[in-house]
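Colleague: Please find one structure pasted underneath; my questions will follow.
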Amino acid sequence: MLIYLRDKLALSVLVLLTVSLIGFALLRLSGDLAASLAGENASLEEIAALRHSLGLDRSLIVQYGAWLAEALRGDLGASFFTHEPVSRLFLDRIDVTATMAGLALVVALALSLPLGVIAALRPNTWIDRAISALALSGQAMPGFWLGLMLISFFGVTLRWLPISGSATPAHFVLPVAVLALGAVPALTRLMRSGMLDVLEQDYIRTARSKGLPVTLIMLRHAMRNALLPVVSLSAVQLGALLGGSVIVETVFAIEGIGLLTYRSIQRNDFPVVQAMLVFVSVCYVALTLLADLLNAWLDPRLREA
């Protein structure tokens, strides 16, 4: 298990370094930040001076090395516009985004797992086709469109729920619903396919021939193995929910790191956007690593592969 953990950690560090380098390069090549900050009336000398003060006149590798050295010490720089430390900006808003993403994953799993099991127990029936159609339609709906439709119906027409902000638990209902419905289709399909594969195994037939209750067979034997791929996908989905907060928080005007990132993209605030990129990457890698370890614990064969 220790060797398995070592190899996974080494791969995770390599992925993080690669993603941070590519993201850093793309952000720096996306436009002339110094000219944008200096304004339309700035002279070439003023733009050059600002570029030098920000260190943008150095080579890309030197800039990345300096940023990486600071980031490893926990210093993600300061916003070019508010001049506040990026870490403080994130810490002030991370609880809202994390709460929203965590609730969305719980809701998505609560919906998708039973739907996937029901579809697998009734394959090629109208129930299976209805669940598949529901999953397909849910995946086809863009998050921003669904958010606007929910705002229009539940917030404006019925006036049941607030449509912006995060002051009360009621403010989280609509954005959590948008995020959860985006994650349900993939989880439902994977749970269905996993259950179908498991139900064809010999040990399930043996359990049925012994007269064991169907509920016991499903919970103790079938679902444990069918959940292995779902665990991995759940980790990826949680990372996607954190990244997807940019759209949802913008639609619902929620002051989380998603809305902060959207505003920073609009004004080329590179330190904040880079920090968001690293944050989402770290979440993806850490959650995937956790899912791999959990799967290895559930299925010892994975540790030997």
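The values are calculated or read from the model by the stated rules, or taken from the named source; none is laboratory data. Here the structure is a predicted model, which is why all the values come from computation and not from measurement. Heads up, the Cβs are rebuilt from the backbone with ideal geometry, glycines too, and the neighbour counts pull from every protein chain shown. Calculation scope for accessible area: heavy atoms of the full protein, side chains included, ligands and nucleic acids excluded. Shrake-Rupley method; radii C 1.70, N 1.55, O 1.52, S 1.80 Å.
Colleague: Take the stretch 133-176 and flag every residue that is under 18 Å from residue 96 (Cα atoms) and not aliphatic (A, V, I, L, M).
Modeller: 147, 162, 164, 165, 166, 168, 169, 171, 172, 175
Colleague: Please go through the stretch 256-270 and pick out each residue that is surrounded by fewer than 20 Cβ atoms within 10 Å (Cβ to Cβ) and assigned to a helix (DSSP H, G or I). First the steps, then the outcome.
Modeller: Initially, the stretch 256-270 is screened for residues surrounded by fewer than 20 Cβ atoms within 10 Å (Cβ to Cβ), giving 262-263, 265-268.
Matches in the stretch 256-270: 262, 263, 265, 266.
Colleague: Considering only the stretch 48-93, state which residues are touching a Gly at 6+ places or on another chain (Cβ under 9 Å) and not basic (Lys, Arg).
Modeller: Within the stretch 48-93, 62, 63, 66, 67, 70, 71, 85, 86, 87 meet the criteria.
Colleague: Same structure, new question: Search the stretch 70-95 for residues that are surrounded by 15 or more Cβ atoms within 10 Å (Cβ to Cβ) and pair each with any residue that is modelled with pLDDT of 80 or more and hydroxyl-bearing (Ser, Thr, Tyr) when their beta-carbon atoms are under 6 Å apart and the residues are at least 6 apart or on different chains.
Modeller: Cβ pairs passing all conditions: 76/87.
Colleague: Sticking with this structure for a sec: Evaluate the stretch 49-63: report whether one residue or more is in a helix (DSSP H, G or I), touching a residue at least 60 places away in the same chain (Cβ under 8 Å) and open to solvent by less than 50 Å² (accessible area, probe 1.4 Å).
Modeller: No, the stretch 49-63 contains no residue that is in a helix (DSSP H, G or I), touching a residue at least 60 places away in the same chain (Cβ under 8 Å) and open to solvent by less than 50 Å² (accessible area, probe 1.4 Å).
Colleague: Can you tell me which residues in the stretch 167-212 are open to solvent by less than 70 Å² (accessible area, probe 1.4 Å) and of a type in the set (Lys, Arg)?
Modeller: 192
Colleague: Whether any residue in the stretch 34-45 is hydrophobic (A, V, I, L, M, F, W, C), in a helix (DSSP H, G or I) and modelled with pLDDT of 75 or more is what I want to check.
Modeller: Checked the stretch 34-45: no residue is hydrophobic (A, V, I, L, M, F, W, C), in a helix (DSSP H, G or I) and modelled with pLDDT of 75 or more.
Colleague: Taking only the stretch 119-132 into account, find how many residues are open to solvent by 50 Å² or more (accessible area, probe 1.4 Å) and at pLDDT below 85.
Modeller: Number satisfying all stated conditions: 5.
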